[in-house]
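**Student:** Here it is, the structure, as structure tokens.
The values are calculated or read from the model by the stated rules, or taken from the named source; none is laboratory data. What you see is a predicted model, and the numbers here were worked out from it, not measured in a lab. Don't worry about glycine lacking a Cβ; one is built from the backbone with ideal geometry, like all the others, and counts go over all protein chains shown. Protein only, heavy atoms only, side chains kept; ligands, DNA and RNA dropped before computing areas. Shrake-Rupley method; radii C 1.70, N 1.55, O 1.52, S 1.80 Å.
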Amino acid sequence: GQQLNQSPQSMFIQEGEDVSMNCTSSSIFNTWLWYKQDPGEGPVLLIALYKAGELTSNGRLTAQFGITRKDSFLNISASIPSDVGIYFCAGLISHELPAQAGTALIFGKGTTLSVSS
Amino acid sequence: DAGITQSPRHKVTETGTPVTLRCHQTENHRYMYWYRQDPGHGLRLIHYSYGVKDTDKGEVSDGYSVSRSKTEDFLLTLESATSSQTSVYFCAISEFRGNGELFFGEGSRLTVL
């Protein structure tokens, strides 16, 4: 089945540094999404990308949908302690039937971000 | 916040006992999902529902069953819990088919001894 390779697996950075993480796959996706999970909570959607080449920002976060449709990148600028958590990428495969909605969404294994002040 | 509640939030049980986790939503969303999260594996789909009484299997469905008798409730049942089912379980809901935008619950931590 389709797989997403998310890297790095973990990052340890100083407050104020910029962060970059990415997701790659051998499969083509129609949508890329980035979620963040705070410790002890469920993931929350940060950014959704719907077109190849699309660059979208949400505050200090910027994400891009790769031109090949096989990858996506997330950058965090000027990190702060509350950026700590697990960041998941997710890719959505095109599908026609409601019954396919669940298996059409593939998650990466996450990047754990630690920020020291 | 999306109105999604999971219960129980924490449960410890013994091998071989049945366990049911409940997901309740107040958003009237059509799609509901159960994921499990384990270190090194990320989020893995167990089962999902695309309507009342319409469910299908995900990546790791063995040992689990689900039921959805009304829009707001999606139940996950472990008929006979095993230690390998110790995990954190997340319910998620989605309004639109196929846009990948999920709202997650806060999770249910299950420990099987």
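**Student:** Which residue, of B:Glu106, B:Glu101, is out of contact with any Asp or Glu (no Cβ under 7 Å at 6 or more places or on another chain), assigned to a loop (DSSP other than H, G, I, E, B) and of a type in the set (D, E, K, R)?
**Tutor:** None of the others qualify; the one that does is B:Glu101.
**Student:** Find the residue count for region B:59-75, including only residues that are free of Cβ contacts under 8 Å to residues at least 40 places away in the same chain, at negative phi and open to solvent by less than 60 Å² (accessible area, probe 1.4 Å).
**Tutor:** Residues in region B:59-75 being free of Cβ contacts under 8 Å to residues at least 40 places away in the same chain, at negative phi and open to solvent by less than 60 Å² (accessible area, probe 1.4 Å): 7 in total.
**Student:** Considering only region A:67-117, how many residues are within 13 Å of chain B (Cβ to nearest Cβ) and open to solvent by 10 Å² or more (accessible area, probe 1.4 Å)?
**Tutor:** Going through region A:67-117 one residue at a time, the tally reaches 15.
**Student:** In contact with a Cys (Cβ under 9 Å, 6 or more places away or on another chain), open to solvent by less than 40 Å² (accessible area, probe 1.4 Å) and either over 23 Å from A:Cys89 (Cα atoms) or more than 13 Å from chain A (Cβ to nearest Cβ) (or both) - does that describe any residue in region B:1-18?
**Tutor:** Yes, that holds for at least one residue.
**Student:** Go through (1) within 14 Å of another protein chain (Cβ to nearest Cβ); (2) open to solvent by less than 50 Å² (accessible area, probe 1.4 Å); (3) among the polar types (S, T, N, Q); (4) within 17 Å of A:Ile80 (Cα to Cα) and name the single condition A:Thr56 misses.
**Tutor:** Failing condition for A:Thr56: (4).
**Student:** For the condition among the polar types (S, T, N, Q) and farther than 16 Å from B:Gly42 by Cβ, what is the one hit in A:Ser26, A:Ser10?
**Tutor:** After applying the criteria, what remains is A:Ser26.
**Student:** Do any residues in region B:47-58 that are at positive phi have Cβ atoms under 7 Å from those of residues that are among the charged types (D, E, K, R) and modelled with pLDDT under 95, where the two are at least six apart or on different chains, and which pairs are they?
**Tutor:** What qualifies is B:Gly51/B:Arg30.
**Student:** Got a sec? Which strands (runs of 3 or more DSSP E) wholly within region B:21-63 have at least 1 residues that are more than 11 Å from chain A (Cβ to nearest Cβ)?
**Tutor:** Passing ranges, in order: B:31-38.
**Student:** Restrict the check to region A:27-45 and report whether at least one residue is surrounded by 22 or more Cβ atoms within 10 Å (Cβ to Cβ), of a type in the set (Val, Ile, Thr) and away from chain B (no Cβ under 12 Å).
**Tutor:** no
**Student:** Another one. Within region B:80-89, does at least one residue satisfy the condition of being surrounded by 15 or more Cβ atoms within 10 Å (Cβ to Cβ) and within 13 Å of chain A (Cβ to nearest Cβ)?
**Tutor:** yes
**Student:** Identify the single condition in (1) under 15 Å from the mean Cα position of the chain (by Cα); (2) touching a residue at least 40 places away in the same chain (Cβ under 8 Å); (3) farther than 27 Å from B:Leu45 by Cα that A:Ile80 does not satisfy, given that it satisfies every other one.
**Tutor:** (1)
**Student:** Could you please let me know if A:Ser57 is in contact (Cβ under 8 Å) with a residue 24 or more places away in the chain and not hydrophobic (A, V, I, L, M, F, W, C)?
**Tutor:** Here the answer is no, as A:Ser57 does not meet what is asked.
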